[in-house]
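The values are calculated or read from the model by the stated rules, or taken from the named source; none is laboratory data. Predicted, not measured: the structure shown is a model, and the values here were computed from it. No Cβ is skipped: glycine too gets one built from the backbone with ideal geometry, and neighbour counts run over all protein chains shown.
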Amino acid sequence: MIWLVALLAAHAGPNEQAKVAIRSNSGWEELDTVNRGGVDNIRVRHQKVGEVDCLEASTVSQLPAETMKAVVLDIRGNAQWSSADIKSSTVLSEGGGKIDYVQVLGMPSPFSDRYWFLSGQVSGHDGWTFAWEPLDAAQAYPDALASLKAADSSAVEVNVNVGSWSMVPDDAGTLVRFRSCTNAGGSVPQWAGERAARAMLPNNIVDLINATNKRL
């Protein structure tokens with residue numbers, strides 16, 4: 001499978017390369033295992049796909065899988081349960097397990113805010129995945145794009161943004177896994193964006209666990 005990832009990556013754009021990596025369990029390299037925010041044994045891995053550093057955080061949880069799934073799919077509430085500075089999280093359309101949405105991420109001065117228009121799809125049953133990829137907002141949601149730019153004209157679009165949440169039954173509970181391939185772009189140096197993404201990666205697992213506990 002590793003040779004297939006490399007072959008496809010050589011002939012595809014960055015988002016297509018990232019989609020191959022996100023779907024594969026091959027090629028991921030261990031970085032660390034951390035305890036954070038009361039959540040133990042968060043496994044951190046990565047793989048380089050072209051110029052993008054794809055990241056993975058996972059843990060095994062004994063919390064109800066359906067409740068965790070409900071949190072993940074609560075796109076509208078993402079700004080409340082995520083510790084990232086999500087300034088807005090808006091669902092544009094949904095149905096049949098597909099959710100199109102737009103989010104704006106606040107950035108510290110002097111950097112401009114970042115935004116992304118994504119299309120996410122739920123697949124699977126006992127073990128399930130919610131995977132997302134960028135969509136062409138100018139074509140699919142021109143009014144939403146115009147409204148965003150009118151409210152924040154300096155905001156920069158994150159053009160590489162592919163990822164997934166997945167949950168798989170495990171002997172000890174549920175294997176919860178978050179994967180993300182992104183590039184902050186704009187004036188943020190790539191090395192700085194990668195360093196920040198690695199540092200913040202386990203927070204995605206911690207946020208999910210905390211939000212799930214609040215619903216029980």
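Can you tell which of Thr182, Thr129 is in a strand (DSSP E or B) and at pLDDT below 90?
Values: Thr129 fails: at pLDDT below 90.
Step by step, each of Thr182, Thr129 is checked, and only Thr182 is in a strand (DSSP E or B) and at pLDDT below 90.
With (1) of a type in the set (A, V, I, L, M); (2) modelled with pLDDT of 95 or more; (3) surrounded by fewer than 19 Cβ atoms within 10 Å (Cβ to Cβ) as the list, and Ala137 as the residue in question, which single condition is left unmet?
(3)
Which members of segment 100-122 meet the condition of being at pLDDT 95 or above and either of a type outside the set (A, V, I, L, M) or out of contact with any strand residue (DSSP E or B) (no Cβ under 9 Å at 6 or more places or on another chain) (or both)? Don't jump to the end; show me each part of the working.
Filtering segment 100-122 for residues at pLDDT 95 or above gives 100-104, 115-122.
The answer is Asp100, Tyr101, Gln103, Tyr115, Trp116, Phe117, Ser119, Gly120, Gln121.
If you take the residues in segment 41-61 that are under 15 Å from Asn203 (Cβ atoms) and either in contact (Cβ under 8 Å) with a residue 40 or more places away in the chain or acidic (Asp, Glu) (or both), which one is surrounded by the fewest Cβ atoms within 10 Å (Cβ to Cβ)?
Step one: of segment 41-61, the residues under 15 Å from Asn203 (Cβ atoms) are 42-44, 55-59.
Okay, now just the ones that are also either in contact (Cβ under 8 Å) with a residue 40 or more places away in the chain or acidic (Asp, Glu) (or both), so 42, 44, 55-59.
Numbers: Ile42: 23, Val44: 17, Leu55: 24, Glu56: 23, Ala57: 27, Ser58: 20, Thr59: 23.
If we take residues in segment 41-61 being under 15 Å from Asn203 (Cβ atoms) and either in contact (Cβ under 8 Å) with a residue 40 or more places away in the chain or acidic (Asp, Glu) (or both), then Val44 is surrounded by the fewest Cβ atoms within 10 Å (Cβ to Cβ).
For segment 20-33, how many residues meet the condition of being touching a residue at least 40 places away in the same chain (Cβ under 8 Å) and surrounded by fewer than 18 Cβ atoms within 10 Å (Cβ to Cβ)? Break it down stepwise before answering.
Step one: list which residues in segment 20-33 are touching a residue at least 40 places away in the same chain (Cβ under 8 Å), which gives 21-23, 31.
So of that shortlist, the ones also surrounded by fewer than 18 Cβ atoms within 10 Å (Cβ to Cβ) come out as 23, 31.
Number of matching residues: 2.
Can you tell me which condition Val160 does not meet? The list is (1) closer than 30 Å to Leu63 by Cα; (2) modelled with pLDDT under 95; (3) among the aliphatic types (A, V, I, L, M), and all the others hold.
Result: Val160 fails condition (1) only.
Can you find a residue that is among the acidic types (Asp, Glu) and farther than 16 Å from Ala144 by Cα anywhere in segment 60-67?
In the first step, residues of segment 60-67 are kept if they are among the acidic types (Asp, Glu); the result is 66.
Keeping just the survivors that are farther than 16 Å from Ala144 by Cα gives 66.
Yes, because at least one residue in segment 60-67 is among the acidic types (Asp, Glu) and farther than 16 Å from Ala144 by Cα.
Condition check: within 26 Å of Lys214 (Cα to Cα), at pLDDT 95 or above, within 18 Å of the chain's Cα centre (by Cα) and of a type in the set (Ser, Thr, Tyr). Does Ser61 satisfy that? Give the derivation first.
Values: within 26 Å of Lys214 (Cα to Cα): yes; at pLDDT 95 or above: yes; within 18 Å of the chain's Cα centre (by Cα): no; of a type in the set (Ser, Thr, Tyr): yes.
Considered against the rule, which asks whether it is within 26 Å of Lys214 (Cα to Cα), at pLDDT 95 or above, within 18 Å of the chain's Cα centre (by Cα) and of a type in the set (Ser, Thr, Tyr), Ser61 comes out as no.
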